[in-house]
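Below is one structure; the comments refer to it alone.
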Amino acid sequence: MRVRYDQGARQNTAWLTRKTLAPFQKSIVPSHGICFPRRVFFEVLRWSVLSLGIFLIFGVALSLNNSSHWFVRIWDFPRVQILSVLLVCVVAAFWLLEGWPLLAFTASGSVTVAWLLYGVFVYTPLHPPQVKRATNPPRDSTFTLVASNVLM
């Protein structure tokens, strides 16, 4: 049996948009015609941003452990990507959250962003080099050495 979502089906959901959703009077109606109230959309968005941010914060905190297990060490390498996504989550939290969840999430997210910025900064040209160049080395007693920055 095929259900047709037409104007009558949208009127059956009118109780969602009356006084209970006063700030969100309009609904988001996708092309397939199912009515989706803005309040539900923002609630799903709020929980998605919060859970993704908490997952990333715990992942970065887990990488502070000295364990050699792959699930712990995997959080060391995509620092720039984690930093980008977590920064978007913290900025979105200012718009989506309020009260103590906003304070707790932005405080822990900001500390994690600062830690990740420090971890990324040491690999940029702005950080002073750890291996200094030799000045006027004697040609007959020198050899070439390649040094690379790999954190393990």
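Bear in mind these aren't lab numbers, they're just calculated from the coordinates by the rules spelled out. Predicted model, so just to flag it, every value in this text is computed and none were measured. Neighbour counts are summed over all protein chains in view; Cβ atoms, including those assigned to glycine, are modelled from backbone coordinates with ideal geometry.
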Using DSSP to define loop residues, name the chymotrypsin sites (Phe, Trp or Tyr not before Pro) in the stretch 76-152 whose beta-carbon has at most 13 other beta-carbon atoms within 10 Å.
-> Tyr123, Phe143
Give, in nm to one decimal, the length gained when the segment between Arg39 and Trp100 is fully stretched (0.36 nm per residue of separation minus the Cα-Cα distance).
-> 19.9 nm
Cα centroid separation, the stretch 63-90 to the stretch 93-152 (Å) | 13
For the stretch 108-113, in residue order, the Karplus 3J(HN,Hα) values (coefficients 6.51, -1.76, 1.60; θ = phi - 60°; whole Hz; Gly and Pro = x) are 5, x, 5, 5, 5, 4
Quick one: Ile82, Ile54, fewest Cβ neighbours within 10 Å first, how do they rank?
-> Ile54, Ile82
Within the stretch 79-134, which trypsin sites (Lys or Arg not before Pro) sit in a loop by DSSP and count at most 14 neighbouring Cβ atoms inside 10 Å?
-> Lys132, Arg133
